Every structure is written in structure tokens, then in C-alpha cells.
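Participant: Just dropping this structure here.
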Amino acid sequence: MNLLKLKHVKFFKIYVNSLVSICVFLVILVLIIRTLLLSSSFAFGLFKNNEFELSKYQNVRMKFLEVPQIVWGLNNQKIAFARACLTARILNRSLLMPSLSASLFYKEIDQLQPISFDKVFDFEKFNSLCDGFVRVSQSSDVRNQSNSIKLQKGSGRRWTLERDLYQLKEFSKRDYDVYETVRVVGKNPFLWHDHWPVSDYARVFECLVLVDEISKEANEVVSKIREFGSGITHDSSDQTPYVAIHMRIERDWMIHCKKREQRSNVSNICSSKQEITTRVANISGLKPPLILYLAVANELLEDDSILNGWKEGMHPVDKKGLGLTENYKNHPYLIQSAIDYEVCLRADVFVGNSYSTFSSLLVLERTQKTIKTGVSHTCGTDVRWPSYAYNLKGEDGGPQPWMTNFMDSSLQAISYGSNNVSC
């Protein structure tokens with residue numbers, strides 16, 4: 001009898017121990033699943049779920065997201081705008097048309113000159129091209145201005161990627177559907193945490209079409225470049241090819257890039273004029289005579305010798321040489337930058353700096369254009385729109401071929417620069 005009792009006790013202990021083990025296992029499993037749900041990698045798949053698809057506008061038009069004025073350079077503003085659009089997509093809302101910044105002040109935020117989004121980009125074309133993915137609405141679409149709630153963006157090291165994602169998921173719940181507008185307060189959208197793959201950003205950028213007035217200005221610059229080239233190549237065609245070079249050698253850039261090199265312990269961010277001219281001269285496949293359009297802020301140059309020192313057969317020209325200085329001065333900074341961006345985008349060959357957001361977004365769009373022609377590998381001169389990074393040394397002393405990696409899980413490399421150019 002005692003032996004039987006002892007067996008029962010041992011069995012009970014084994015049963016209890018097994019039960020405890022199962023409970024511990026379940027707790028660990030729950031924690032693992034919770035971590036996955038909060039991770040950004042899981043979020044990429046989550047955001048593509050149908051619940052975030054904006055294909056049914058009868059609901060989207062009733063709910064809006066409002067963001068602070070978007071600031072800094074043209075391409076930082078484009079990234080901030082795309083990030084705001086993708087945030088609205090998560091919340092199943094339409095983004096209220098934001099104010100961009102026409103002027104360029106880095107610290108004096110109160111002095112930034114606002115400019116409406118539709119003064120730079122075509123509002124109707126954006127919604128048409130991005131139909132079913134993201135949408136921009138006008139403030140007049142809001143029926144009840146007082147029916148809103150604030151979404152306070154956190155800051156500092158404690159405001160982690162996971163906390164930010166958790167906040168967005170909370171605001172996407174039905175509890176917040178009672179509010180017509182979610183008003184984001186806090187820092188500029190460019191500084192928000194990044195939860196989206198490059199392909200999502202590219203889809204938004206593809207919908208950004210310049211308004212006709214700015215596009216016509218870009219047409220005039222391209223026409224002047226080709227006219228300049230036809231006089232040298234004796235080609236009467238209006239399609240004289242040209243190379244666009246985004247020369248980051250201005251005072252403000254050199255100060256910034258040298259500090260960046262010191263902080264990052266990297267030595268290939270800054271490039272001198274001599275380094276640029278030497279590497280461009282060594283691009284294989286370029287046959288002179290060749291027209292070089294130098295996209296540069298002339299007023300910020302230390303000297304005016306940028307047209308000198310190029311390889312024989314390479315003919316550089318800038319805004320001043322094209323007689324367009326006054327045309328540019330008639331526009332605020334943002335519009336000037338948008339014109340130059342479009343001119344570089346249309347170039348037969350583009351050469352830029354891989355740590356410049358301007359250059360990086362150009363390469364993204366040029367890569368995207370090439371991929372759409374059916375070419376999967378866009379490095380080198382044997383593609384329709386080749387691009388190069390002059391701050392990185394490639395073969396034969398030329399610049400490194402450059403393309404955007406559309407498989408990247410975030411826009412980090414483009415937002416802040418990188419020496420990884422996927423070629």
C-alpha cells in the first residue's frame with residue numbers, strides 16, 4: 001500500500017513539473033510572437049495587408065492625417081512627404097495636403113517660407129498615379145475641424161522604432177475611427193522612424209510630377225544644354241546627349257561633409273573638384289565631344305573655376321554659361337532645386353555623390369526607369385540611364401557605377417548617404 005502511494009506521489013510530481021514546463025514554454029512563445037509583431041521586418045508584410053489598402057475611398061475620404069510643415073532641402077522634403085503618406089496609409093487615412101518649405105533655413109524654423117504642395121507638384125496627377133496606394137486631400141474636404149485628436153511623436157533615444165510602430169498600430173484601431181482627423185504634433189516627418197521598404201517609397205516618388213510651370217522651366221534648361229552641345233558637336237538634332245554632374249563642392253557642403261567624415265571615420269564623403277574631373281574623365285564608354293552640365297549652387301562656390309580643368313573633348317557648362325542665372329533667381333530655393341533635379345533626371349548619364357540625398361533620389365528614379373524597360377541590372381554604360389558616384393573610386397580610376405537596391409528594407413542609405421552603391 002505504501003509503495004502504491006509513493007508511486008502516486010512520484011506521478012503527481014512528474015505531472016506538476018510537466019505542467020510548469022508547458023506554462024513556461026507558452027509564456028516564452030507569447031513573448032517571441034509579441035516581439036515579432038513589434039519588429040519592423042514583420043511590419044513590412046503587415047502594411048501590405050488588405051486592411052491598409054486604400055482602394056475604397058468612401059471610407060478614406062472621411063478620415064484624414066495632418067502633419068507639421070515639411071522642412072529642409074527638396075529631397076529631404078520629398079522623403080518626409082512620402083513618410084507622411086505611408087503613415088496615413090497605415091492609419092487608413094488620407095494625408096491632408098501639407099505645406100512644404102520654399103526657403104532653406106536649418107535652425108530658424110520660424111523663418112521658413114511655406115509653400116503649398118500643389119504649387120510644386122501636380123495634385124491631380126499624384127492622386128491618379130497613386131490611386132489605391134496613398135492619397136492626398138485638401139483641407140476643404142474636412143467637414144468638422146474640431147473632431148480631431150493629437151498624435152504626439154516621441155523623441156530621444158527612448159523613443160525606439162518599436163515604440164513608434166506600436167503607437168501607429170494603436171492609432172490604426174477602430175477606437176480612433178470616431179475622429180475625423182489625426183493631427184501629428186512634434187518633429188518634422190523626415191525625422192520620424194522609418195518602417196517601410198525602398199519599394200514603397202519609390203512608389204510614392206513615382207507619383208510626384210512637377211506642375212507645368214516648373215516642368216517648362218526644366219524644358220528650357222535642357223533645350224539650352226542641347227543647343228550648347230549642337231554648336232560643339234555640329235549635330236543639329238535637339239537630342240544632343242549630355243552628362244549631368246551634381247557637384248557638391250560648395251562651402252556649406254564641404255563644411256558638412258568634413259564633419260561627417262570625422263564623426264563616421266570615413267574618408268570618401270568629400271570630393272575635390274580635381275577628384276571629380278579626374279574620375280569623370282575615366283568613365284569608360286564616354287566618347288568625346290561630350291557636354292557636361294554642372295549642377296551646382298554657383299553663389300556658394302569658393303571660386304568660379306569649375307569650368308576649367310576638364311579632359312579635352314569634355315565641354316562643361318553651368319547655369320551662368322547658359323544665360324539662365326536670372327531665370328533661377330526669380331524662384332525660391334525649392335523651385336530652383338526642383339528644376340535642377342529634373343534636368344539631371346533627364347540626362348543621358350548622371351554622376352553624383354552617394355552621401356547626397358539629392359544624388360541618391362535621382363539614382364533611385366533612374367534605376368526605377370531602367371528596371372521598367374526590363375533591365376534588372378543597371379550598372380555600367382550599357383544601360384539606358386547609367387549613374388555613377390564620383391566620391392567612390394571604381395575601375396580604371398573612374399567613378400563607381402551606382403544603382404539603388406530596391407530590396408532594402410528601409411530608406412536609411414538614401415536618407416543619410418552610404419558608400420554601398422549596389423554595383
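Participant: Could you please report the charge total around residue 161, scoring K, R as +1 and D, E as -1 over all other residues with beta-carbon less than 14 angstrom from its beta-carbon? If you can, show how the numbers build up before the last one.
Facilitator: On the way: positive: 83, 153, 157, 158, 163, 169; negative: 162, 164, 194.
Here the charged neighbours net out to +3.
Participant: Same structure again: Mind checking the full-extension length gain between residue 166 and residue 300? Use 0.36 nm per residue of separation minus the Cα-Cα distance, one decimal, nm.
Facilitator: Extending this stretch completely gives an extra 43.9 nm.
Participant: Further question: So, counting K/R as plus one and D/E as minus one, what does the shell of residues with Cβ under 9 Å around residue 300 add up to? It would help to have the intermediate numbers written out before the result.
Facilitator: Details: positive: 251; negative: 250, 252, 299, 302.
In short, -3.
Participant: Under the classification rounded if a/c is under 1.5, otherwise prolate if a/b is larger than b/c and oblate if not, where does segment 138-288 fall, given a ≥ b ≥ c as square roots of the Cα gyration tensor eigenvalues? Please list the in-between numbers first.
Facilitator: Values: a/c = 3.27, a/b = 1.70, b/c = 1.92.
Cα axes put segment 138-288 in the oblate bin.
Participant: Just reorder 141, 164 by solvent-accessible area, largest first, 1.4 Å probe, all chains present.
Facilitator: Result, largest first: 141, 164.
Participant: Keeping every protein chain in place, order 341, 333, 166 by accessible area at 1.4 Å, biggest value first, i.e. largest first. Walk me through the intermediate numbers first.
Facilitator: On the way: 341 10, 333 75, 166 120 Å².
Descending order: 166, 333, 341.
Participant: Let me check I've understood the local charge: for residue 419, count other residues with C-beta under 14 angstrom from its C-beta, Lys and Arg +1, Asp and Glu -1. What total comes out?
Facilitator: Numbers: positive: 260, 393; negative: 261.
Charge balance near residue 419 sits at +1.
Participant: Please report, for the Cα atoms of segment 99-216, the Rg to one decimal and the Dmax as a whole number; what are they, in angstrom?
Facilitator: When restricted to the Cα atoms of segment 99-216, Rg and Dmax are 16.5, 47 Å.
Participant: Roughly how many Å² is the accessible area per residue of segment 192-315, as a whole number, for a 1.4 Å probe?
Facilitator: Details: 6160 Å² over 124 residues.
I get 50 Å² per residue for this part.
Participant: Given the C-alpha atoms of segment 264-402, compute the convex hull and give its volume per residue in Å³.
Facilitator: Working: hull volume 18.2 nm³, N = 139.
Per residue, the Cα convex hull of segment 264-402 comes to 131 Å³.
Participant: Then there is this: For an R0 of 30 angstrom, estimate the FRET efficiency from the Cβ-Cβ distance between residue 220 and residue 263 and round to the nearest 0.05.
Facilitator: On the way: r = 41 Å, r/R0 = 1.35.
Efficiency computed from Cβ-Cβ geometry: 0.15.
The values are calculated or read from the model by the stated rules, or taken from the named source; none is laboratory data. Treat the numbers as computed from the prediction; the structure is a model and nothing was measured. Note that each Cβ is placed from the backbone with ideal geometry, even for glycine, and that neighbours are counted across all protein chains shown. Surface areas here come from the heavy atoms of the whole protein model, side chains and all, with no ligands, DNA or RNA. Shrake-Rupley method; radii C 1.70, N 1.55, O 1.52, S 1.80 Å.
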